[in-house]
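*Asks:* Following this message is one structure expressed as structure tokens.
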Amino acid sequence: MRLSQFLGRTLRSNPSEAETDNHKLMLRTGMIQQLAAGVYSYAPLAIRSLTKIANIIREEMNAAGGQEVKLPTLQPRELWQQSGRDATFGPDLIRLQDRRGREMVLAPTHEEAVTLLVKQHLQSYRDLPMLVYQIQTKFRDEVRPRGGLVRVREFDMKDGYSFHADDESLDETYQRMVQAYHNIFQRCGIPAIQIEADSGAIGGKDSHEFIMPSEIGEDTFIHCPKCGYAANAERAAFTRPAAPSEAELPMEDVHTPGQKTIQDLVDNLGVTPAQTLKVVIYMADGEMVFATVRGDLDVNDIKLKRALGCIDLRLATDEEVAAAGISAGSASAVGMTGIKIVADESINIGTNFVAGANKADYHILNVNTPRDLKPDLIADIAMAEGGHACLNCGTAFEAARGIEVGHVFKLGTFFSEALEATFQDPEGQQQPAIMGCYGIGVGRLLAAAVEQNRDEKGMCLPASVAPFHVYLAGLNMDKEEVAAAADSIYEELLDAGVEVLYDDRTDSAGVKFNDADLLGFPVRVVVSPRNLKEGKAEIKLRIESEANVVALENAASYVTTLLTT
RNA sequence: CGGGGAGUAGCGCAGCCUGGUAGCGCGCUACGUUUGGGACGUAGAGGUCCCGGGUUCGAAUCCCGGCUCCCCGACCA
């Protein structure tokens, strides 16, 4: 491709809309253009990389026994009502009507559709296992898209689904997918690590995320530097910090005017946060729930949702709290009746806690469990943080941020039951298929690859995902001998099957070098009057500072060698 | 959804407070001179100043309403 004809122009300054480096680079190179919040057009430069990433994914999926399919984006809403997810997805699901007034959705994921497709061909356990995948556009009306391609509302995703007759078969495929994912990230230049994750409300037992550690990541994960345990903070198990254990004293009200937060109590009563109990008020499927944790910990929504087994969980509004006659700031699970109380394990570690008194401006001293507080449910509902102790080995956790580049999880039979995808087992009984599902965001993978592979001058993507292999620049293209020599190398590289972008513009050397660095293809070839006098061309790797000078007739083969080693 | 910020030429921005013919840099076009790390000169092209109302002789500028985009938060008893 000749740059003079190429759709796309580099920018000399960063567009003001970008914050993160990958976003800035993708805008400056002209890879992408924003059309609306979280909605992007992809220029040829981006498509070339995205296609390479998609093909790497295809190769690994096929090698793992996957079969490619394509499921519709436009789907009847009825199907989503049948699975129950029309309700659970909420406003993230884009709903619309067709011309006949039929309710439709733009699919945010494809479990329903794939289950129907496989169901049609599934009769016997002999048909299993089955592994299918697709690379298809998803629509999710995210609350807040951000960071360029990191979180968008319309995006391509590889989603794979497996169907099994038993758990052993699911485990086997799951492990094969995990390995395939490691291969994919490694081939794309992404140092992803595997962490334990929450499998969501529909949940089977296992779920893992693949995270590329990065400051700009949206996910916080916890890892143990000693035993290697790593998990999403939403999921991580941990040992609750110790708290003073003393003789239990009788409960006693204390006047605490204007003291509403844990910090207020710490400042005024001379206690530590671990000597207090806090309550957070939620609405779970429309029912009010008190979630209680020790004051030094925070409630983890995801864990709470899992413990309750509810579909919709949100904080109660101020109005709802007031309507229930609860005194905000002094609310407490102690002595509260008629409201479901869920407590974290931490309330049993420590004694003589300070808790709200359920009347304005009062708290209670010396609350002890289980003497004074008998929750309906005790579970792990506290958020793990850096510094907390690893449940396995007791070492202090480290917390870090990262970009989630892949997610695998065991679905179980939620969809096969809802949509009646059953098979006949050897005993002649009908059984719902056991499912697994496996996702990778293609555009997010590119964003992560750019974020990881860059320097102050621009991108340095590996050849496997770089838009082109070679940036061929002719300096002083108005000189006939330069144009002729550069044309000639261009043709040779094309003949050799090398992906080359030929900078045949008449711009100055500085412009071309800067664009070459910005675009960051692995190899740069320069034809100039200076080297031409010696009958040579200059060949340089993006990641190295020194260039080699090679005879013109050997240039193409030299490049080919560089790219294959 | 709450809180901040911003919409003026392809990109980056100034102008607004204090209303009076819409500017600068980069990029773009033409010609000439340059020629290995974002060259120089000359001459040009390019704008519904986010949208709609209002005030005014006159609005990018003041007032009212709306839209869009970016960032932070979504953790609180």
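The values are calculated or read from the model by the stated rules, or taken from the named source; none is laboratory data. Treat the numbers as computed from the prediction; the structure is a model and nothing was measured. As a convention, Cβ positions derive from the backbone with ideal geometry for all residues, glycine included, and neighbour counts pool all protein chains shown.
*Asks:* Restricting to segment A:243-282, and then to whatever is more than 38 Å from the chain's Cα centre (by Cα), part of a loop (DSSP other than H, G, I, E, B) and among the charged types (D, E, K, R), can you tell me which residue is modelled with the highest pLDDT?
*Replies:* A:Glu248
*Asks:* What number of residues within segment A:279-302 are near RNA strand B (Cβ under 9 Å from one of its atoms), farther than 24 Å from A:Ala323 by Cα and not acidic (Asp, Glu)?
*Replies:* The qualifying residues number 4.
*Asks:* Picking from A:Arg144, A:Arg140, A:Arg151, which residue would you name as being modelled with pLDDT under 95, out of contact with any Asp or Glu (no Cβ under 9 Å at 6 or more places or on another chain), closer than 23 Å to A:Ile94 by Cβ and within 16 Å of RNA strand B (Cβ to nearest atom)?
*Replies:* The unique qualifying residue is A:Arg144.
*Asks:* Which members of segment A:81-116 meet the condition of being crowded, with 17+ Cβ neighbours inside 10 Å and under 26 Å from A:Gln431 (Cα atoms)?
*Replies:* Across segment A:81-116, the qualifying residues are A:Ser83, A:Arg85, A:Asp86, A:Thr109, A:His110, A:Glu111, A:Glu112, A:Ala113, A:Val114, A:Thr115, A:Leu116.
*Asks:* Any residue at all in segment A:429-446 that is charged (D, E, K, R) and over 26 Å from A:Ala43 (Cβ atoms)?
*Replies:* No - not one qualifying residue is present in segment A:429-446.
*Asks:* To continue, here is another question. Give A:His363, A:His407 a once-over and let me know the one that is assigned by TED's automatic domain parsing to the domain that holds A:Met61, outside any helix (DSSP H, G or I) and either closer than 30 Å to A:Leu79 by Cβ or out of contact with any Pro (no Cβ under 8 Å at 6 or more places or on another chain) (or both).
*Replies:* A:His407
*Asks:* Does A:Glu345 meet the test of being away from RNA strand B (no atom under 12 Å from the Cβ), surrounded by fewer than 22 Cβ atoms within 10 Å (Cβ to Cβ) and touching a residue at least 12 places away in the same chain (Cβ under 8 Å)?
*Replies:* Yes.
*Asks:* Restricting the search to segment A:72-129, which residues are among the basic types (Lys, Arg) and touching a strand residue (DSSP E or B) at 6+ places or on another chain (Cβ under 9 Å)?
*Replies:* Within segment A:72-129, A:Arg77, A:Arg95, A:Arg102, A:Lys119, A:Arg126 meet the criteria.
*Asks:* Separate question: Quick check on this structure: which one of A:Val132, A:Val118 is closer than 23 Å to A:Gly84 by Cβ, among the aliphatic types (A, V, I, L, M) and in a helix (DSSP H, G or I)?
*Replies:* Going through A:Val132, A:Val118 in turn, just one is closer than 23 Å to A:Gly84 by Cβ, among the aliphatic types (A, V, I, L, M) and in a helix (DSSP H, G or I): A:Val118.
*Asks:* Given (1) within 21 Å of A:Glu142 (Cβ to Cβ); (2) more than 12 Å from RNA strand B (Cβ to nearest atom); (3) touching a Gly at 6+ places or on another chain (Cβ under 6 Å), where does A:Thr73 come up short, assuming only one miss?
*Replies:* Against the list (1) within 21 Å of A:Glu142 (Cβ to Cβ); (2) more than 12 Å from RNA strand B (Cβ to nearest atom); (3) touching a Gly at 6+ places or on another chain (Cβ under 6 Å), A:Thr73 comes up short only on (3).
*Asks:* It is to be established whether one or more residues within segment A:252-260 are of a type outside the set (A, V, I, L, M), surrounded by fewer than 18 Cβ atoms within 10 Å (Cβ to Cβ) and near RNA strand B (Cβ under 10 Å from one of its atoms).
*Replies:* yes
*Asks:* Which ones in segment A:305-321 are over 12 Å from A:Val279 (Cβ atoms), within 9 Å of RNA strand B (Cβ to nearest atom) and part of a helix (DSSP H, G or I)?
*Replies:* If the condition is that a residue be over 12 Å from A:Val279 (Cβ atoms), within 9 Å of RNA strand B (Cβ to nearest atom) and part of a helix (DSSP H, G or I), then A:Asp318, A:Glu320 are the ones that fit.
*Asks:* Could you tell me which numbered condition A:Ala165 fails, if it satisfies all but one of (1) closer than 30 Å to A:Cys460 by Cα; (2) away from RNA strand B (no atom under 16 Å from the Cβ)?
*Replies:* (1)
*Asks:* Out of A:Glu553, A:Glu492, report the one residue that is of a type in the set (D, E, K, R), surrounded by fewer than 21 Cβ atoms within 10 Å (Cβ to Cβ), within 21 Å of A:Ala466 (Cβ to Cβ) and modelled with pLDDT of 95 or more.
*Replies:* A:Glu492
*Asks:* Can you work out which of the residues in segment A:238-251 that are surrounded by 12 or more Cβ atoms within 10 Å (Cβ to Cβ) and within 23 Å of A:Ile341 (Cα to Cα) is nearest to RNA strand B (Cβ to nearest atom)?
*Replies:* A:Phe238
*Asks:* For segment A:366-401, which positions are under 16 Å from A:Asp198 (Cα atoms) and not in a loop (DSSP other than H, G, I, E, B)?
*Replies:* Hits for segment A:366-401 are A:Ala379, A:Ala382.
*Asks:* Could you figure out which of (1) more than 8 Å from RNA strand B (Cβ to nearest atom); (2) within 28 Å of A:Arg401 (Cα to Cα); (3) buried (at least 21 other Cβ atoms within 10 Å of the Cβ) isn't true of A:Gly228?
*Replies:* (3)
*Asks:* Taking the criterion of being in the same structural domain as A:Arg58 (by TED's automatic domain parsing) and within 16 Å of RNA strand B (Cβ to nearest atom), would at least one residue in segment A:197-207 satisfy it?
*Replies:* At the first step, the residues of segment A:197-207 found to be in the same structural domain as A:Arg58 (by TED's automatic domain parsing) are A:197-207.
Those still in the list that are within 16 Å of RNA strand B (Cβ to nearest atom) too: A:197-198.
Yes: segment A:197-207 contains one or more residues that are in the same structural domain as A:Arg58 (by TED's automatic domain parsing) and within 16 Å of RNA strand B (Cβ to nearest atom).
*Asks:* Go through segment A:1-26 and count every residue that is of a type in the set (A, V, I, L, M) and away from RNA strand B (no atom under 12 Å from the Cβ).
*Replies:* Residues that pass the stated criteria total 3.
*Asks:* For residues that are among the hydrophobic types (A, V, I, L, M, F, W, C), crowded, with 19+ Cβ neighbours inside 10 Å, out of contact with any Lys or Arg (no Cβ under 9 Å at 6 or more places or on another chain) and under 18 Å from A:Ser207 (Cβ atoms), tally how many sit in segment A:382-408.
*Replies:* 1
*Asks:* Here is a further query. Identify, by number, the condition in (1) within 25 Å of A:Asn232 (Cβ to Cβ); (2) surrounded by 17 or more Cβ atoms within 10 Å (Cβ to Cβ); (3) near RNA strand B (Cβ under 9 Å from one of its atoms) that A:Thr276 doesn't meet.
*Replies:* The one condition A:Thr276 does not meet is (1).
*Asks:* A further question follows. Among the residues of segment A:137-155, is any among the polar types (S, T, N, Q) and within 14 Å of A:Arg444 (Cα to Cα)? Let's see the steps before the verdict.
*Replies:* Filtering segment A:137-155 down to residues among the polar types (S, T, N, Q) leaves A:137.
Keeping just the survivors that are within 14 Å of A:Arg444 (Cα to Cα) gives A:137.
Yes, segment A:137-155 contains a residue that is among the polar types (S, T, N, Q) and within 14 Å of A:Arg444 (Cα to Cα).
*Asks:* Continuing with the same structure: If you check A:Ser528 against the conditions, is it among the hydroxyl-bearing types (Ser, Thr, Tyr), touching a helix residue (DSSP H, G or I) at 6+ places or on another chain (Cβ under 9 Å) and either crowded, with 16+ Cβ neighbours inside 10 Å or within 30 Å of A:Leu446 (Cα to Cα) (or both)?
*Replies:* Working: among the hydroxyl-bearing types (Ser, Thr, Tyr): yes; touching a helix residue (DSSP H, G or I) at 6+ places or on another chain (Cβ under 9 Å): yes; either crowded, with 16+ Cβ neighbours inside 10 Å or within 30 Å of A:Leu446 (Cα to Cα) (or both): yes.
Considered against the rule, which asks whether it is among the hydroxyl-bearing types (Ser, Thr, Tyr), touching a helix residue (DSSP H, G or I) at 6+ places or on another chain (Cβ under 9 Å) and either crowded, with 16+ Cβ neighbours inside 10 Å or within 30 Å of A:Leu446 (Cα to Cα) (or both), A:Ser528 comes out as yes.
*Asks:* Continuing with this model, one more query. Within segment A:107-122, can you find the residues that are without any contact (Cβ under 8 Å) to a residue 40 or more places away in the chain and under 16 Å from A:Gln134 (Cα atoms)?
*Replies:* Within segment A:107-122, A:Ala107, A:Pro108 qualify.
*Asks:* Residue pairs, Cβ under 9 Å, 6 or more apart or interchain, first in segment A:36-60 and within 16 Å of RNA strand B (Cβ to nearest atom), second hydroxyl-bearing (Ser, Thr, Tyr). List them.
*Replies:* A:Ala43/A:Thr29; A:Leu45/A:Thr29
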